[in-house]
Amino acid sequence: MLRTLPARAGDSRRLLTQWDLLAILVVLGALAFLGEASRGLMAPLAKIEATELSLSPAFLPEYAARTTLRMLAGLALSLLFTFTYATWAAKSPRAGRLLVPILDILQSVPILGFLSATIVFFLSLAPGKVLGAEFAAVFVIFTSQAWNMAFSFYQSLRTVPAELTEAARSFRLSAWSRFWRLEVPFAMPGLVWNMMMSMSGGWFFVTLSEAISVGHTKIMLPGMGAYIALAIDQKNLPAIGYAILTMFIVIMIYDQLLFRPLVSWSDRFRFDLEPGVRPPTSWALTMMRRSTLLRSTGRFISRSWRALLRPVTAALPVRAPVYREATPEQERRADIVSYVLIVLLGVFGAYEAVRFMSQGFDVKELLITLKLGVLTMLRVFILIALASLVWVPVGVWVGLRPRAAAIVQPVAQFLAAFPANLLFPIAVIAIVRFNLNPNIWLSPLMILGTQWYILFNVIAGASTMPAELRYAARNLGLTGWLWWSRFALPAVLPFYVTGALTASGGAWNAAIVAEIANWGTTELRAEGLGAYIADASTAGDFHRIVLGIAVMSLFVVVINHVFWRPIYRYAERKYRLS
Amino acid sequence: MNAVTPLLEVRDVVKAFPKGDGASLLVLDKVNLTVREGEIVGLLGRSGSGKSSLLRLIAGLSRPTSGEVSYLGQPVEGPAAGVAMVFQSFALFPWLTVFENVALGLEAQKLPAEEIRRRSLAAIDLIGLDGFESAYPRELSGGMRQRVGFARALVVHPNILLMDEAFSALDVLTAETLRTDFLDLWGAGQMPIKGVILVTHNIEEAVQMCDRILVFSTNPGRVVTEIPVTIPQPRDRLDAAFRELVEKIYVEMTSKRVQTASELAARGQVEKPAVANLDVILSNHVSTNLISGLLEAVAAAPYGGRADMPVIANDLMMEIDELFPVVEALQLLRFAELEGGDLTLTADGMTFANAEVDERKRIFAKHLMSYVPLAAHVRRVLDERASHVAPRSRFLDELEDHMTHEAAEQTLRTIVSWGRYGEVFAYDDQHMSFSLENPT
């Protein structure tokens, strides 16, 4: 059960292709466009309805429910996006050439960056109403889930075994039936795993998106995030405790009632026909399967689902679509159309980027952001190294002991889902109390939530080490450093790289909130790109927001392409045990 | 149905796949085939002979580059209602039960639920899957899975059943049981099908099951010969007529190979085109262990340097897809000659078989340099360069002018492993480069 890296179809050895560059242009252009469009919308914002929030613990269940609802809404949107965008990219190689790199770039844009760049746009959709902010919150959750899920679905679609597709076609299933009966089920295990992983990450962002300041307006959406923001404002320590406890319960329920049952259920769609690997267990799923009431409810839902689809299915002709290969003439025409579209997109991206830069583009400002980017990068790398020093040995130790792994693995997954920002106030209080240097001591917050990815990936890697190889190592008398360097570390390397890459991406995201932390009126800040973006967001300075986001995305893209991907390929080639 | 109209007709079919550089790779060249009612027709050939591509054209899963496929007189333009297929890898949907897998084809036709149920259960019953209706494929053995494959194909009441190496993923005993069960049902007329096309690389399977066998050549696929099988069913594998026919097909298939191999060898002598000629042989990766193994087997008693192909194939339990590439490698390296279905070792082949490791490597290196132009080419390039290092991509690019990327990769893999064994050059996978230095 691993989140796979976006190994791209026809992955070339080149670091960046012309399609990547075009994708960068398009994404940046769109961001600049949104930021630009938002400027004109600033005016009517001041009069937003204030929602009364209360720090009384009695309100916490309601707030928790609202936060969860936002999560689910974001998930539904992400699924919709996945089924359309990824399908398009996979089915049309012509579209895929650009759609896939765009996805890759979008994945590198800091998620809170999307919020900063689009919040005003969403607020303007429902002027003066909280609804706009709700849209924005759901959109943030969407951006934290959709890319990942779409990638997974895209990859699954590209790897559906040819014989299964042929079987489906030779039994004359229509394209629509093939999608629901073959392609979606085939993609299910990967999709569910990625969905649950991104949902875990999503708790962090949903709580952040509930308390947003735009310029002078502070918008509070009733929910866990707003509650904790208010508690920080009022320096209410007990309230922070309540919030952490509530969130703990919410994540527990999410983990037991959604994450584990879904992953366990999706195991039946696993393609390899061999029995053997024990599917993950879930008491909730067992209960659902055995309880007559729940089972009949389930049957009712699946029947209604089919009934819902039936009109569409019925409308499709019985005769399977005639198979045609495009003639060279048609191919050429489609090529021309796609190139025209691509050129138009490129022109749009370039135009927006140029227009953005022409409005007070400042080389000095760019140099400042680059310098801050380097600072944040240093922090991320040092933290990843430190976290690795701790969690790799622990992960290997745990992974080699199945009973320990059975206990630790779910705990690590649970901790990865827990929104680390709820714990920030505690760290801030400590820093203030002991008068520590925020430049150093705020940094660990960036990796607080994401270090667990390293741990549970390493555990997964260590537990898949073949027993015979372990016996061989023992038989040869490998001990101490030799055992680690020749056996254990190489064996877990591919898994470790996956975990470290995820953790690094998460740390960049967290930088925006971790480099500036508040406790009442006390503000701690660390020098870095995250703090720069956070400042710009608070000031409502769209120019600096877009610049900050662009530079941060650039750092992430370059680090991924130049550092993580080559390491991953190397590890895959040299150390994959199979 | 008009008695004169054949079930299926394939006329002058050509299939070519585009290669990277705008050229195209010819897979099927002017193939003709007619299937009449009550016939089992076998398409026999090695991998790369295009027989599976032909089956997919007939199934309507792809379209011929030129020529025509017609079913009951109608051109095939997509998956036809009366044509069903059984796959080598079973191609079952792992998330559907046996019953749901079988019912899928009927659901696609949007038949009433009651009819789907009745017909599915009947097909499951017919093929001997009673009691397994609610099982998932992963719970079944290979043989049971392929029975589901058959039930799923038969339930749609096809006129023609296509089998794509349907028994080759099964162990010997299971395959035999499934074949005889199928022939029993076919002989008793219990199946709704009117004709069968069977793709296989197993000569005995073809002789056992077919009324007519079309033998395919490789690269491009052509029908070399058509052999009618008149032995009455049930056929006994030990029967003299059966053995004779198997032997005849072996000779038929290998005589074609001899010609190709001698052509290749003749062209191998030519100095200039260094890489072009050995596509077929080198792209079937044959390890030096297999080469040594076959040489030893043929050199030893009871063969003493000369072996009958069907006999040694049986003895070593190798199918033609496994045996032929090794034999071709032996021919290419001039370690053996093949004539009239007999494999005879050359003098060097005998010496190699009886030699110790170092002597073997010496002989191998000599033959590699003399008879495999690509190996000589690599060595020459390395000798000419001051650094004695050349990147893999240099040769890969050269090869890709003549063959697909996959074939070029395979060819280089063979050259690397042969070159390493003969210690003619070294290869570093980490840097993807050839060199003359062996790591110490």
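Taking helices (runs of 4 or more DSSP H) as the structural unit, those lying wholly within the range B:85-175 and holding at least 3 residues that are among the small types (G, A, S) and away from chain A (no Cβ under 12 Å) correspond to B:113-126.
Being touching a helix residue (DSSP H, G or I) at 6+ places or on another chain (Cβ under 8 Å), outside any helix (DSSP H, G or I) and modelled with pLDDT of 85 or more is not true of A:V100. Is at least one residue of the range A:190-213 in the same structural domain as A:T87 (by TED's automatic domain parsing), over 20 Å from the mean Cα position of the chain (by Cα), of a type in the set (V, I, T) and buried (at least 20 other Cβ atoms within 10 Å of the Cβ)? Yes. Listed conditions (1) within 24 Å of B:V35 (Cβ to Cβ); (2) surrounded by fewer than 19 Cβ atoms within 10 Å (Cβ to Cβ) are all met by B:I127, apart from (2). Scanning the range A:525-539 for residues being under 17 Å from A:M446 (Cα atoms) and either buried (at least 20 other Cβ atoms within 10 Å of the Cβ) or not assigned by TED's automatic domain parsing to the domain that holds A:N421 (or both) gives a total of 8. For B:V69, indicate whether it is within 13 Å of chain A (Cβ to nearest Cβ), farther than 22 Å from B:G187 by Cα and in a strand (DSSP E or B). So B:V69 fits the description; yes.
Checked against (1) under 30 Å from B:L61 (Cβ atoms); (2) in a helix (DSSP H, G or I); (3) not hydrophobic (A, V, I, L, M, F, W, C), A:R172 meets all criteria but (2). Screening the range A:184-284 for helices (runs of 4 or more DSSP H) wholly inside it with 3 or more residues that are at pLDDT 85 or above and aliphatic (A, V, I, L, M) returns the ranges A:184-209, A:224-233, A:237-254. Annotation: of all residues in the range A:368-426 being surrounded by fewer than 19 Cβ atoms within 10 Å (Cβ to Cβ) and of a type in the set (V, I, T), the one that is farthest from A:M71 (Cα to Cα) is A:I368.
Applying the condition of being aromatic (F, W, Y) and closer than 13 Å to B:L92 by Cα to the range A:167-186 and asking which residue is farthest from the other protein chains (Cβ to nearest Cβ) yields A:F186. One residue is enough: does the range B:36-52 have a residue meeting the conditions within 14 Å of chain A (Cβ to nearest Cβ) and modelled with pLDDT of 85 or more? Checked against the condition, which is being within 14 Å of chain A (Cβ to nearest Cβ) and modelled with pLDDT of 85 or more, the range B:36-52 yields at least one hit. Could you please let me know if B:A188 is out of contact with any helix residue (DSSP H, G or I) (no Cβ under 6 Å at 6 or more places or on another chain) and within 14 Å of chain A (Cβ to nearest Cβ)? Spelling it out, it is not the case that B:A188 is out of contact with any helix residue (DSSP H, G or I) (no Cβ under 6 Å at 6 or more places or on another chain) and within 14 Å of chain A (Cβ to nearest Cβ). Scanning the range A:334-357 for residues that are out of contact with any Asp or Glu (no Cβ under 9 Å at 6 or more places or on another chain), closer than 19 Å to A:A30 by Cα and either assigned by TED's automatic domain parsing to the domain that holds A:L25 or surrounded by 12 or more Cβ atoms within 10 Å (Cβ to Cβ) (or both) gives A:L341, A:I342, A:L345, A:G346, A:V347, A:F348, A:G349, A:A350, A:Y351, A:A353, A:V354, A:M357.
Evaluated against (1) within 14 Å of chain B (Cβ to nearest Cβ); (2) modelled with pLDDT under 85, A:F122 falls short on exactly one condition, (1). Cβ-Cβ contacts under 7 Å between residues 6 or more apart (or on different chains), taken from a first residue in the range A:129-157 that is under 14 Å from A:A89 (Cα atoms) to a second residue that is of a type in the set (F, W, Y) and buried (at least 22 other Cβ atoms within 10 Å of the Cβ), are listed as A:S156/A:F186.
Of everything in the range A:428-459 that's among the small types (G, A, S) and at pLDDT 85 or above, which residue is nearest to A:L112 (Cα to Cα)? So, considering only residues that are among the small types (G, A, S) and at pLDDT 85 or above, the one nearest to A:L112 (Cα to Cα) is A:S443. Using the structure shown, decide if A:F153 is under 17 Å from A:S78 (Cα atoms), assigned to a helix (DSSP H, G or I), among the hydrophobic types (A, V, I, L, M, F, W, C) and in contact with a Phe, Trp or Tyr (Cβ under 8 Å, 6 or more places away or on another chain). Yes. Just one of the numbered conditions (1) on the phi < 0 side of the Ramachandran plot; (2) at pLDDT below 90 is not true of B:H388: (1).
The values are calculated or read from the model by the stated rules, or taken from the named source; none is laboratory data. The model shown is predicted, which means the values in this text are computed figures rather than measured ones. Every residue, glycine among them, receives a Cβ derived from its backbone with ideal geometry; neighbour counts consider all protein chains shown.
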